[in-house]
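The block underneath contains the structure these notes are about, expressed in structure tokens.
Laboratory data are not the source of any read-out in this text; all were calculated from the coordinates shown. Since the model is a prediction, treat every value here as computed from it, not as a measurement. As a convention, Cβ positions derive from the backbone with ideal geometry for all residues, glycine included, and neighbour counts pool all protein chains shown.
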Amino acid sequence: MKVSELAGRINTSRENLYGIFRRLSIDTVLLQKLSTALDVIFF
């Protein structure tokens, strides 16, 4: 999946998504959005 598609699925910009990728931790709400967008269970 392209970064722009994932960004669209979680309603953010590509630039912000790249910022998320650089984080050392992600809060559970954002992790849930990514989990749903990617159809992967992280929990």
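Details
- Of all the residues in region 18-30, those that are among the hydrophobic types (A, V, I, L, M, F, W, C) and either over 16 Å from F42 (Cβ atoms) or not in a helix (DSSP H, G or I) (or both) number 2.
- Taken as a whole, the condition of being free of Cβ contacts under 8 Å to residues at least 60 places away in the same chain, outside any helix (DSSP H, G or I) and at negative phi applies to T12.
- A count restricted to region 31-43 and to residues that are in a helix (DSSP H, G or I) and either charged (D, E, K, R) or touching a helix residue (DSSP H, G or I) at 6+ places or on another chain (Cβ under 9 Å) (or both) stands at 5.
- Qualifying residue in region 33-42 (condition: at negative phi, surrounded by fewer than 11 Cβ atoms within 10 Å (Cβ to Cβ) and acidic (D, E)): no
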